[in-house]
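First the structure, in the form of structure tokens, and then the observations on it.
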Amino acid sequence: MDVDAEWIEKSDVPPSLSKKIKALKVCRNRCLAHATSDAALDIATPVLRMFFALLEHGGSLHAENEDKLGHLTSARYRV
């Protein structure tokens, strides 16, 4: 983790990144809503795989995709 990364304000977050963040929050909230159900593992497994892929590939789902937001990968943001 880059300890020198700076925070950016929500108003400075590009729309495409904001949409990605909102989609991740929807996935997280869906998992939380079903956390106590019998289907919790079935619902959470693909979401966790996607989260790990995003972390592994710097914000992209696949290694060969280059994200146009590369300049923000080391920045932290408040959302």
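The values are calculated or read from the model by the stated rules, or taken from the named source; none is laboratory data. Computed from a predicted structure; not experimentally measured. A quick note on method: Cβ atoms are made from the backbone with ideal geometry, for glycine too, and the neighbour counts reach across all protein chains shown. Just so you know, the surface numbers come from the protein's heavy atoms only, side chains and all, with ligands and any DNA or RNA stripped out. Shrake-Rupley method; radii C 1.70, N 1.55, O 1.52, S 1.80 Å.
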(request) Tell me which residues, restricted to region 26-52, are within 18 Å of SER16 (Cα to Cα) and open to solvent by less than 70 Å² (accessible area, probe 1.4 Å). (result) CYS27, MET50, PHE51
(request) Take region 1-25 and flag every residue that is surrounded by 13 or more Cβ atoms within 10 Å (Cβ to Cβ) and among the hydroxyl-bearing types (Ser, Thr, Tyr). (result) SER18
